[in-house]
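Step one of this worksheet: look at the structure below.
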Ligand SMILES: [K+]
Ligand SMILES: [K+]
């Protein structure tokens, strides 16, 4: 049961002891998720009797905080096994936080050098290992604290102690696993949806920022951070849009429309993937709307997946600048983020990431269609895995059982690819990586 | 019948007489296509009796060389009207060639400053109007020459004179309109498909390069040009892949698989959109495969749509460089095209273009779904219009009649947006454009 935890611990301790290079960090990150994924699969096989392929999928899905499942009939399963799944997600989320706050900014994966100055901890130099160890120390505490508050809030909101703890583990990690087939609507409580919204959002905001807020005792820092501010405005805007659409379709009353719309926008944009309303019965356009939310993603430095709001902002500003440049061809128009000019190499990395996300989604969708799924199911399955979101639509609307074995392996790979922000994994496949 | 020709002529003469600024060029380009689109619609209304909305769609589809149609029963229509449609495409194609060879590189729309040094004509300075007039002079001749050769080849290949001329007009312009409902398979000749392949490819290669080849009497220049070389290699590679797939599905014999696969890959990647095989009966994955071809696009400086091979190349190189940079964080790794380093602002413009193409496709698909189409039909309809390709799949597999009026207006806008490479049109919507 603690296999995943053990391996991550070994990884952390290793980084504590020696000074690792950038190349090692890339290899370590990918190997950690791939190997713990395989190790974590054995309990799944033993308890549920699914195939090795499916068990690896379930385990990778947990550790990457995706939350896509090949299981059904959760309510009848042993509670210890259910808690094991939730705990895998929580450990995965912790690993992600350390990876995205301590490792990504140092390597400038997908332009994340942007966040380097904001990494907490006393050491600001380029040595990777003391930095990782120090940062991990702070992050672990904050991650635990938010989880405890979440469990408490769920308990007060009406869950029993088991469910409160189980769901807190998959909320703060934006993992989205549940102990019930009906996910968050098992409890049929809009209060619990609101509590879940709050903690999904906290899980999708940079943990380095949480640290600074806690350290400075100043919640205003959330609003002063450009990414978090835009993130919250986007969440509010998209929730209102979706609830208006649901109202015109007269599916729910005003209040219910607003609650369901906000919950699903938050669940998808934070890549948590909890369910509540019967999405299959919603008009088809709302499905694509939610998938687009998942591509937007949460804030960098959090457990959320997707392209990340910081990249959305920079992409938006680069595109706007291109149009302005057409009007004033000789003007020098810098792209700024949080008041500072964004460097060339950061822009390249961000834009390369966005293009790669778009292109690889199309190609993976094509490959998944070759395994026999239709276009809508393939497209949403890929979006669910590459953005570590979890739920798909169509044939994969309730679980991933309809996907063939080769499709399942493809999607397991897609989860690791998306979780480690593409380039971390793909660099290993360049011949250059293995030279010298 | 000559309304479109007249307006484009007025535009050309105007540019001949006065010195126009960059802003004027943006406004002119968009207004030219929008206004000729409306003017060209009247003959369509008069002859076929369709609504104004549908007639504008048909006319814009012709002038942007898209070739999507809201008409059916072409074979029974007056020959003069059919030739009018073909001629609109040919004029549209000529307008496009002048726009992409003379205007885009000067404005650096989507990074096209890359091609500035290669624009033919004696004047290489920054004055827009003498440049446009001079360049237009050379391009017009080459465009006409290739069209005549194409008509001759079709005639020798077995078409009657009317069809040979009609189809040459929509082949070189990569427009894709046909005088028959069965499109290119009306003639049931693999020889004609092969001839069509050759001239679609010529239409999708830079006309500035055609000029240099003709001027230097050196066909080797095609192979020495990085974009053209990669384009031809991609066409060969994708054709082989698709024919292998068709062979495994045992739909056709070896030779027929190869012919149909090559024809459809060429038809889609050059954004011509001619049809031959019954695509609706092909396995669904091949549909997405062809749509991905359309997004790749032809060469810049041609009549082809899509993202363009030059941008695909630069995007690929930026992404590869990001991975290499992870392995060697301190190395300085330039991105080169045709042996020269690609400047920062060109990279930004290219990558901004790619991200915008991906994002706007998703949003337009969502909007089209709101008008009642399913996901597959909406996605392929948007791809067909934004890449000026023409044919869609699903509900819009044979024509665009199933699309509602609001959807038709949306797609008419999408064709102009894609044809003018997004930024040209969108710059007009910035408040900055109208200041001073
Ligand atoms: K998730
Ligand atoms: K076309």
**Request:** From (1) surrounded by fewer than 22 Cβ atoms within 10 Å (Cβ to Cβ); (2) free of Cβ contacts under 8 Å to residues at least 60 places away in the same chain; (3) in contact with a helix residue (DSSP H, G or I) (Cβ under 9 Å, 6 or more places away or on another chain), pick out the condition that doesn't hold for residue A:214.
**Result:** (2)
**Asked** Restricting attention to segment B:306-321, does a residue exist that is under 30 Å from residue A:104 (Cβ atoms) and within 16 Å of ligand 2 (Cβ to nearest atom)?
**Response** yes
**Enumeration of residues in segment A:372-383 that are more than 16 Å from ligand 1 (Cβ to nearest atom) and either crowded, with 19+ Cβ neighbours inside 10 Å or modelled with pLDDT of 95 or more (or both)** = A:373, A:375, A:376, A:377, A:378, A:379
**Complete:** Of the residues in segment B:61-89, those that are touching a helix residue (DSSP H, G or I) at 6+ places or on another chain (Cβ under 7 Å) and either at positive phi or within 12 Å of ligand 2 (Cβ to nearest atom) (or both) come to B:61, B:62, B:63, B:64, B:65, B:66, B:67, B:68, B:69, B:89
**Asked** Among A:408, A:319, A:313, which is at pLDDT 90 or above and within 27 Å of residue A:89 (Cβ to Cβ)?
**Response** A:408
**Request:** Scan (1) at pLDDT below 95; (2) crowded, with 19+ Cβ neighbours inside 10 Å; (3) under 20 Å from residue A:397 (Cα atoms) for the single condition residue A:279 breaks and write down its number.
**Result:** (2)
**Message:** Can you tell me how many residues within segment A:354-364 are within 7 Å of chain B (Cβ to nearest Cβ) and surrounded by fewer than 23 Cβ atoms within 10 Å (Cβ to Cβ)?
**Reply:** 2
**Asked** Is there a residue being within 27 Å of residue B:343 (Cα to Cα) and modelled with pLDDT under 95 anywhere in segment A:414-421?
**Response** yes
**Request:** Would you mind finding the one in B:251, B:212 that is more than 30 Å from residue A:427 (Cα to Cα), modelled with pLDDT under 95 and part of a loop (DSSP other than H, G, I, E, B)?
**Result:** B:251
**Asked** Under the condition of being surrounded by 17 or more Cβ atoms within 10 Å (Cβ to Cβ) and more than 16 Å from ligand 1 (Cβ to nearest atom), which residue from segment A:54-73 is farthest from the other protein chains (Cβ to nearest Cβ)?
**Response** A:55
**Message:** Out of everything in segment B:384-421 that is within 14 Å of chain A (Cβ to nearest Cβ) and over 27 Å from residue A:249 (Cβ atoms), what residue ends up being farthest from ligand 1 (Cβ to nearest atom)?
**Reply:** B:420
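Given A:369, A:351, which one is touching a helix residue (DSSP H, G or I) at 6+ places or on another chain (Cβ under 7 Å), over 26 Å from residue A:221 (Cβ atoms), at the interface with chain B (Cβ under 8 Å from one of its Cβ atoms) and crowded, with 24+ Cβ neighbours inside 10 Å?
Of A:369, A:351, the one residue that is touching a helix residue (DSSP H, G or I) at 6+ places or on another chain (Cβ under 7 Å), over 26 Å from residue A:221 (Cβ atoms), at the interface with chain B (Cβ under 8 Å from one of its Cβ atoms) and crowded, with 24+ Cβ neighbours inside 10 Å is A:351.
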**Item:** Matching option when the condition is under 20 Å from residue B:206 (Cβ atoms) and more than 16 Å from ligand 1 (Cβ to nearest atom), among B:274, B:289, B:260, B:268
**Value:** B:268
**Prompt:** Mind checking which residues of segment B:278-303 are out of contact with any helix residue (DSSP H, G or I) (no Cβ under 7 Å at 6 or more places or on another chain) and more than 10 Å from chain A (Cβ to nearest Cβ)?
**Reply:** B:278, B:280, B:281, B:282
**Message:** Here are the criteria: (1) within 28 Å of residue A:221 (Cα to Cα); (2) away from ligand 1 (no atom under 16 Å from the Cβ); (3) not in a helix (DSSP H, G or I). Tell me which single one residue A:176 does not satisfy.
**Reply:** (2)
**Prompt:** Could you say which residue among B:199, B:162 is more than 22 Å from the chain's Cα centre (by Cα), modelled with pLDDT of 95 or more and either in a helix (DSSP H, G or I) or within 16 Å of ligand 1 (Cβ to nearest atom) (or both)?
**Reply:** B:162
**Asked** Do you know which of the residues in segment A:325-344 that are crowded, with 17+ Cβ neighbours inside 10 Å and within 10 Å of chain B (Cβ to nearest Cβ) is nearest to residue A:109 (Cα to Cα)?
**Response** A:335
**Item:** Filtered residues of segment B:248-262 (kept if over 16 Å from residue B:281 (Cβ atoms) and buried (at least 16 other Cβ atoms within 10 Å of the Cβ))
**Value:** B:258, B:259, B:262
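The values are calculated or read from the model by the stated rules, or taken from the named source; none is laboratory data. The shown structure was predicted, so the numbers you read here are calculated from the model rather than taken from an experiment. Please note: Cβ atoms are built from the backbone with ideal geometry, for glycine as well, and neighbour counts cover all protein chains shown.
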